Amino acid sequence: MSKLRRSFTVVMTLILALSMLLAACGGGSQSSDTQGSSEGQNTGTSGSQDPIKIGVIGAFQLQAGKEIEDAAKLAIQTINENGGILGRPVEAVYGDTKANPEEGKKVVERMLYQDKVDFIVGEHRSEVALAVQPVIMEAKKIFMNTGSASPKVTEGVLNDYEFYKYTFRPMLDSNQLGDGFLQQFNDLVTEQNFAKVALIAESAVWVDPIVEQFQQIFGDKVVYVERPPTDTKDFSVILSKLNESGAEAAMLLFSADQGITFVRQWAERQIPVVLSGYVVQAQSPDFWAQTEGKTQGLMTWKMGVRSEVTDKTIPFWDGFEKAYGRVPGPYPGITTYDALLVLADAVNQAGTTESDKVVEALENGTFTGASGIIQFREDHGYNTGQGFVPFTVIQWQDGEMVPVWPNNVATGSMINPPWMNEQ
Amino acid sequence: MLTRFWNAYWLVGLLALLLALIPLVSDSYYLLSVLTLANLYAVFAVSWDLVSGYIGKLSLGQALFIGFGAFAVGMYHDSIGIIPSIALGAIISVVAALIIGVASLKLTGPYFSLTTMVLPLIFYQLTYTFRDITGGEFGLTVSAGIGRQALFYITLAFMLICVIGTLMLVRSRTGKIFIAIREDELGCAALGNNVLYYKLLAFSLSALMSGIGGGLLAIYLRHVSPTVFDMWQSITILIMGIAGGMGTIIGPVLGAYGLSFLTEWLRSTEQFQDFIYAGLLIVFVMLLPQGIITLRRQFSALRKKTDGKGT
Amino acid sequence: MIIDIVIFGLIWTAIYALIGLGFSLIFGVANIMNLAHGAFFMIASYIVFMLTAQAHLGLLWAALGAIIFTIIIAVLIYWAFIRPMRNAMTQVLIITLALAMLLEQIVLLVFGPEPRYVPSILTGGVNILGVRVTEQQLLTFFIAIILIAVVWMLLSKTNIGRIVRAVSQDAEMASMLGVDTERVYMFVMALSAALAATAGILVAPFLTVTPTMGWSPILVAFTIVVLGGLGNIWGTLAGAMIVAFAEMITSYAIHPQLKDAVTFTILILALIFKPNGLFSREVK
């Protein structure tokens, strides 16, 4: 045994030493795509067949991050099938940030200085996006942040334009999200004539302003407000209180793993309250199975629905389903898809990959994405609402995510949870 | 060989010198970044070793003090300035260490270890709860205006000071008492030493180094968020310490740099990365619990055993 | 509201007691603090998922399969990794922690990060004193109580139990008297894993099944062990009750957000004042 031990440890030591050597000389990070991969140093040339490299970042081990990766692959495939950008093929370099700012920083620096990417797209976690943003800005490369909602990401564009102008966020920020939730809920309450409402919103920074607005808008109708911690695993207590409060409808704001448990317990106990709002897990096709169908009647914001918002919306949905065997899920998927297509358009318009010129093209152009018409604002966020990117709400009906709001996007009408149908 | 006195100092000095020269030969931002982080992790690993390797109380949550230091900087660098905020983080870490130490270091058995494992998890949640001051899930931005090269040299100097300081400490009489506590606590106490005092001393020094390091980490990342309390942070430091060699100080230093490079090399393995780490830890504990640093000693010991036996 | 607190407090007491018991046993008898305990809990849930969703087995068979599989994994882990270094607490801690992370990674690689579901054994609910409780929660409660009673009887009334207690009190003496201590340890390990697995199977339907679900049970188990003392069934029950009710009362009457702060405070206070459990008479 000791001989085995000895040789094993020798091998281990050699591997470690070798790896240190290799890392010092710079190994290549994983890059893949339709046109082969590149290892080692990239010597920049201006050959016309040189691929354009785009870095895609996200927490690929999480559901939302996986969606980013899959959507990016689909987008890049589409771009390359249409001749690439400026006639050059597009190659993606994927970096898993693991929802960790430290890791994100390392990944991004490697992408910028080792793989020498031209653009960076992705990331749905605000804390990671905020951590990598200065690094990318320093390198004067364009960062299309497709997932995080923190207003801080775009604040810099207003406060220090020269440094931050390379940041674009083709995604709603938390204020726009808040407006959307409140508007839809208001319509629901008005239409159904509800007199008592409740709010169950996780304890998180992005939610705080929305809670205030909710209480202002609904005033006396609010009978129950609860702010459970994001890691709450059991909602027995909260559901009891909800039941006792007499509320007829409740707005949910859950961006973590709460959805499945909450919805299941709600259905099992047949709590007579209509649920709407934001349940991130309910955006996923698996949700129906995960809740054993108990999500019937739940409404949630979902970005990217199967409806003709633009002429690209349904092809994206169907194309995604065909490629991956599942319908599109969490929101960073469609936003990443759009971001890449918009980027391609902008670069083609600018005629060069030079960041400053592309920034101009992005600022001045109007683009058609799968999620809507994309036009960037002064802070490089974008306009939402009618004529731009609509805030869309789906309801789970018999295993399908049916768009039910706003009216011009809806393909079905709202139903009640099965035990509430006597009303 | 490397645990003998002057050899360790020479090694550290040489390492520091080599590292100091790197920015002059390479202009890769990426390499500089990796090395800056490695400098900090060397300090974390050494501070871990002081508690786990020297007084023999395994710490499974070094991330706790790193987090305190980082959040102190994140929360207060605007109002009181960068250096005072780092100092504040250090003070908070030491005070916390004293409280936790008094509660858990008296106990035999794994209570201390489990407490250290569990506390970062609790604080992770607390940063979400008290999000008005900690920024919740978005975290806090840190703008220190320190350039990359400057930060690299600062962390290098910090590493040098901590490592040499700790080496001197463990070679001193205090250090011998640490080892005595690890080997035979009762016996040590019987000789009249205030064992609790020494344990608290080691633990507070460990917290001090990690706290300051945490502050520097926040400056390096330009951001603080709850993930700084994450268990993987503590596990990474654990792996560095174990692989390098627990109880040698210099071992964890080498482990820190080695693992930092290994991480970059392993980046291409993507989703298998964490699996490999866990596997590495198991392999090391099973086969080489003393760490790489003692490899040479083990080799020569093995060789001596088979010499002259004619098997 | 008080009725809610009492009812849900009791249900969670049973669950926590189930989780804490296995942890406490292996520590009390073999002096092994098994940080992979939560991983057993997690793996059992995943195996039930796999057997029901992918192999389409009936629930009871799946549950049985999960328990057996978890026991096998636990015993293998004990034999291959823990036994060689049973006397070095440090190594045991590190290696069980590493194994816990390894298992988590394996599950992540095989099943992906999406939350999975485990179907409930019983659907439907009942009204107890005005509070609607699901039948699954009731089932969990009763099974947990029965199991705890069975373990108690096993340890105090049977021959095996006597041997286990002997080994936990003085292993050397026991082995000199002819007891195969290794076999005893493996038995306790298997029992501990079975308890964790059962908890996982019962609780999974009303929580989310994710690769990281094993860590909060460890926190709870540790707190219970500190409060209740080692290997002490009544102590475990008492500890579980304290933790469960403290959580319920905080959530209902005070503020759900403070739940973690409360756990923290309980833990620290217990460590400072009563590290050997609330019921110990020893002085340390």
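Derivation of every value follows stated rules applied to the coordinates shown; laboratory data play no part. Fair warning: this is a prediction, and the values are worked out from it, not measured in the lab. Glycine also receives a Cβ, built like all others from the backbone with ideal geometry; neighbour counts cover every protein chain displayed.
For the protein assembly as shown, a simple Cβ point-charge model (Lys and Arg +1, Asp and Glu -1, everything else neutral) yields a dipole of about 4600 debye relative to the Cα centre. Seen from B:Asp49, the other residues with C-beta closer than 12 Å to its C-beta sum to a net charge of +2, counting Lys and Arg as +1 and Asp and Glu as -1.
Calculated from the alpha-carbon coordinates, the protein assembly as shown shows an Rg and a Dmax of 28.9, 96 Å respectively. Close amide H pairs (under 5 Å, H built 1.01 Å from N) link A:Tyr278 with A:Leu252, A:Leu253, A:Phe254, A:Trp301, residues at least 5 positions away or on another chain.
Based on C-alpha pairs under 8 angstrom that are at least 6 apart in sequence, chain A has a relative contact order of 15 percent. Remark: chain B carries a charge dipole of roughly 1140 debye about the Cα centre, counting +1 on each Lys and Arg Cβ and -1 on each Asp and Glu Cβ. Inter-chain Cβ neighbour count for A:93-102, averaged per residue, equals 4 (cutoff 10 Å, partner chain atoms only).
For B:Lys176, the lysines whose Cα comes closer than 23 Å to its Cα, not counting residues fewer than 8 places off in the same chain, are B:Lys57, B:Lys106, B:Lys199.
For segment B:79-95, putting each phi into the Karplus relation 6.51 cos²θ - 1.76 cosθ + 1.60 with θ = phi - 60° gives couplings of 7, 10, x, 5, 5, x, 5, 5, 4, 4, x, 5, 4, 4, 4, 5, 4 Hz, in residue order, rounded to whole numbers and with x for Gly and Pro. When each of the peptides A:232-245, A:54-67, B:40-53 is scored by the mean number of other C-beta atoms lying within 10 Å of its residues, the order from highest to lowest reads B:40-53, A:54-67, A:232-245. Annotation for A:Arg377 and B:Phe272: the two label points, set 7 Å from Cα along the Cα-Cβ direction, are 4.6 nm apart. Only aspartates and glutamates eight or more places from A:Lys105 in sequence, or on another chain, were considered; those with a Cα closer than 16 Å are A:Asp96, A:Asp115, A:Glu123, A:Glu127, A:Glu138, B:Glu264, B:Glu270.
Phi angles of segment A:373-390 translate, via the Karplus equation with coefficients 6.51, -1.76, 1.60 and θ = phi - 60°, into HN-Hα couplings of 8, 9, 9, 7, 8, 5, 8, 6, x, 9, 7, 10, x, 4, x, 10, 9, x Hz per residue; Gly and Pro are given as x. The calculated FRET efficiency for B:Asp132 paired with A:Glu354, based on their beta-carbon distance and R0 = 45 Å, is about 0.60.
On a straight-distance basis, which lysines could pair with A:Lys322 in a cross-link, Cα separation under 19 angstrom, same-chain partners fewer than 8 positions away excluded? Answer for A:Lys322, where 19 Å is the Cα cut-off: A:Lys66, A:Lys73, A:Lys312, listed by chain and number.
Near A:Gly104: Cβ cut-off under 12 Å, other residues only, Lys/Arg at +1 and Asp/Glu at -1. The net charge is 0. For the listed peptides C:234-246, B:154-166, a ranking on the average number of other beta carbons within 10 Å per residue, highest first, reads C:234-246, B:154-166. Averaged over the residues of B:115-128, the number of partner chain Cβ atoms lying within 10 Å of the residue Cβ comes to 5. Helix screen, chain A: DSSP H segments with Cα axial length of 24 Å or more and mean Kyte-Doolittle hydropathy at least 0.0 are A:2-25, A:332-350.
Electrostatic bookkeeping for C:Val29 treats Lys and Arg as +1 and Asp and Glu as -1; over the other residues with beta carbon under 13 Å from its beta carbon, the sum is +2. Exposure proxy for A:Leu130, C:Leu147: other Cβ atoms within 10 Å of each Cβ, ordered fewest to most, give C:Leu147, A:Leu130. The stretch between B:Val283 and B:Arg171, if pulled fully straight at 0.36 nm per residue, gains 37.3 nm over its current Cα-Cα span. Legend: calculated FRET efficiency, B:Ile164 to A:Glu400, from the Cβ-Cβ distance at R0 = 56 Å, rounded to 0.05, equals 0.25. Ranked by the mean number of other Cβ atoms within 10 Å of their residues, highest first, the peptides B:214-225, A:301-312 fall in the order B:214-225, A:301-312. If R0 is 41 Å, the Cβ-Cβ spacing of A:Ile314 and A:Glu138 corresponds to a FRET efficiency of close to 0.55. Beyond 26 Å in Cα-Cα separation lie the following of the pairs A:Lys140/A:Lys302; A:Lys98/A:Lys241; A:Lys106/C:Lys259; A:Lys106/A:Lys165: A:Lys140/A:Lys302; A:Lys98/A:Lys241; A:Lys106/C:Lys259.
Each residue of segment C:9-25 was assigned a 3J(HN,Hα) from its phi angle through the Karplus curve 6.51 cos²θ - 1.76 cosθ + 1.60 (θ = phi - 60°); the sequence is x, 5, 4, 5, 4, 4, 5, 4, 4, 4, 5, x, 5, x, 4, 5, 4 Hz, with glycine and proline shown as x. The residue among C:Ala261, C:Phe69, C:Thr210 whose Cα reaches farthest toward the positive pole of the charge dipole of segment C:2-273, with charges on the beta-carbon of Lys, Arg, Asp and Glu, is C:Phe69.
Where only DSSP H runs of four or more residues are counted, the protein assembly as shown gives -19500 deg cm²/dmol as its mean residue ellipticity at 222 nm, each run worth -39500 (n - 2.57). Site pair C:Leu60 and B:Leu18 shows an inter-label distance of 6.6 nm when each label is modelled 7 Å from Cα along Cα→Cβ. Placing a pseudo-label 7 Å from each Cα along the Cα-to-Cβ vector at C:Ala88 and A:Gln49 gives an inter-label distance of 5.8 nm. Peptide C:251-259 has a mean shielding of 6, counted as Cβ atoms of other protein chains within 10 Å of each residue's Cβ.
The stretch between C:Leu139 and C:Lys157 holds 3.9 nm of extra length on full extension. This uses 0.36 nm per residue minus the Cα-Cα distance.
Under 5 Å from the amide H of A:Val93 lie the amide H atoms of A:Ile54, A:Gly55, A:Val56, each residue being 5 or more positions distant or on a separate chain, with H modelled from the backbone and absent for Pro and chain starts.
Taking all Cα pairs closer than 8 Å and separated by 6 or more residues, the relative contact order of segment C:2-273 comes to 39 percent.
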